[in-house]
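Contents: one structure, followed by commentary.
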Amino acid sequence: MKNILVIGSINVDYVIHTERLPKLGETLTGSDFAMNFGGKGANQAMALAKTGCNVKMLGAVGKDLSGELAINNLKSFGIDTTDVITVDAPTGAAVITVCGGDNHIILDIGANAYVTPDAIAEREALFDWADYVVMQYEIPMESVLFAARMTKKHGKKVVLNPAPVKEADPELFRFVDMIIPNEFEAQLITGISPNDEATTKQAIRALQALGCETVIITLGKRGCAYTEGDSIGTAGIYPVKVVDTTAAGDSFIGGLCKSLCEGKSMSDAVAYASAVSSITVSRPGAGISIPTADEVEDFLKKI
Ligand code: RIB
């Protein structure tokens, strides 16, 4: 099994389910409030660990109860948290409204802002250990660029989930071995909305022209489109009742990397990742909803 370093966010999610979204100034009664462990980085680390990978996390939490609980949660899945730093800022917090299965998220990155280039440079040895470095955009953008550059310096692979999408230094994409945006993120990066076969291909080729070697665009209910060598393939989703789409993308990325690390082909890896993501969206919450390798195996046997 390969070694995976996740450099990214650790949040606590405060979730309420509603029938509809409130108007400005309106108070709505919701239900099923939950505090969950989340953060795109932590979710991806959990997905990787739960499906059986060796995972180290480089991140930051506050000196508060949320931070302590979040670290313990990561440890409970066997994730090495030696390089999760504790800083004088609140642990990242996401306020999530789940409405009709879909979600709206407001994020205060808090302590995640302390995952700085200096903090990464001090931990350069991690890049010797790692085979893959997995990142998202919930830490400072200069840190993502710095870590991507360092990953390549050490001859390792960069996996980038450009979420939540924001403007990036174009140099970043030249270091990316595998990029996994959703359709919205792909559109904002390339200016091409992947809403049919032709535009999806165009968006994929545009991401490759920026420098990303392998591209997988997740397309929600339409599944995903991916590159395999020179060709472009597509895959559908599994039929499940969607309860909460939080961490759909994070769990997909975990499942994908796990499979690729095992030497699977891209089409097999995408099928596995779709199963991981389908199970995740059929249950409420972020990290807590992500299945283990055994659960994925059972799901695939029954489908
Ligand atoms: O991708 C889902 C995650 O986005 C949530 O867990 C929340 O913390 C936000 O970062």
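Overview of values
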quantity: Rel. contact order, % - alpha carbon contacts under 8 angstrom, at least six apart, the chain; calculated: 18 percent
quantity: When each of Lys157/Lys264; Lys56/Lys258; Lys40/Lys201; Lys157/Lys301; Lys56/Lys156; Lys56/Lys152 is checked by Cα-Cα distance, pairs over 20 Å; calculated: Lys40/Lys201; Lys157/Lys301
quantity: Mean separation of Cα contacts under 8 Å (6+ apart) over length of segment 207-301, as relative contact order %; calculated: 24 percent
quantity: Net dipole in debye of the chain [+1 Lys, Arg Cβ; -1 Asp, Glu Cβ; about Cα centre; nearest 20]; calculated: 460 debye
quantity: Exposure proxy ranking, count of Cβ atoms within 10 Å, fewest first, for His104, His17, His154; calculated: His104, His154, His17
quantity: Neighbour-count ranking [beta-carbon atoms within 10 angstrom, fewest first] of Phe175, Phe33; calculated: Phe33, Phe175
quantity: Segment 77-93-segment 1-63 distance, computed between alpha-carbon centres (Å); calculated: 13 Å
quantity: GluC sites (Glu not before Pro) lying in DSSP loop within segment 1-77, provided at most 11 other Cβ fall within 10 Å; calculated: Glu19, Glu26
quantity: Over 27 Å [Cα-Cα, the chain], rounded percent; calculated: 37 percent
quantity: Segment 1-108: Rg to Rh, with Rh as the Kirkwood radius over Cα pairs; calculated: 1.05
quantity: Ser282, Ser66, Ser277, Ser251 arranged by Cβ crowding within 10 Å, fewest neighbours leading; calculated: Ser282, Ser66, Ser277, Ser251
quantity: Whole-angstrom gap from segment 122-154 to segment 249-293, using each part's C-alpha centre; calculated: 22 Å
quantity: Virtual paramagnetic centre 7 Å along Cα→Cβ of Thr82, amide N under 20 Å, in segment 98-135; calculated: 115-116, 118-134
quantity: Helix-only [θ]222 nm of the chain, DSSP H runs n ≥ 4, -39500 (n - 2.57) each, per residue, nearest 500; calculated: -11000 deg cm²/dmol
quantity: Share, in percent, of DSSP beta bridges within the chain that are antiparallel, nearest 5; calculated: 40 percent
quantity: Listed residues Gly254, Gly155, Gly211, most fluctuating in the chain (Gaussian network, C-alpha, under 10 Å); calculated: Gly155
quantity: Size of electric dipole in segment 1-146: Cβ of Lys, Arg +1 and of Asp, Glu -1, about Cα centre, debye, nearest 20; calculated: 340 debye
quantity: Length gained when the stretch Met1-Glu213 is fully extended (0.36 nm per residue, less Cα-Cα span); calculated: 74.1 nm
quantity: Dipole of the chain, positive end: most advanced residue of Ser274, Leu207, Asn73 [Cβ charges, Cα centre]; calculated: Ser274
quantity: Candidates per GluC sites (Glu not before Pro) in segment 129-234, loop by DSSP, up to 12 other Cβ within 10 Å; calculated: Glu167
quantity: Label zone at Glu228, where the point sits 7 Å out along the Cα-to-Cβ direction: segment 270-303 residues whose backbone N lies under 12 Å; calculated: 270-272
quantity: Rg ratio (alpha-carbon, reference 2.2 N^0.38 Å) - segment 175-230; calculated: 0.97
quantity: Under 5 Å, built H, 5+ apart or other chain: amide partners of Ala60; calculated: Ile10, Ile85
quantity: Gain on full stretching of the segment that runs from Gln202 to Asp128 - 0.36 nm per residue minus C-alpha separation; calculated: 23.1 nm
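No lab work stands behind these numbers, since they all come straight from the coordinates. Every value quoted in this text rests on a predicted model; they were computed, and no experiment measured them. Cβ coordinates were reconstructed from backbone atoms using ideal geometry, including for glycine residues, and neighbour counts include every protein chain displayed.
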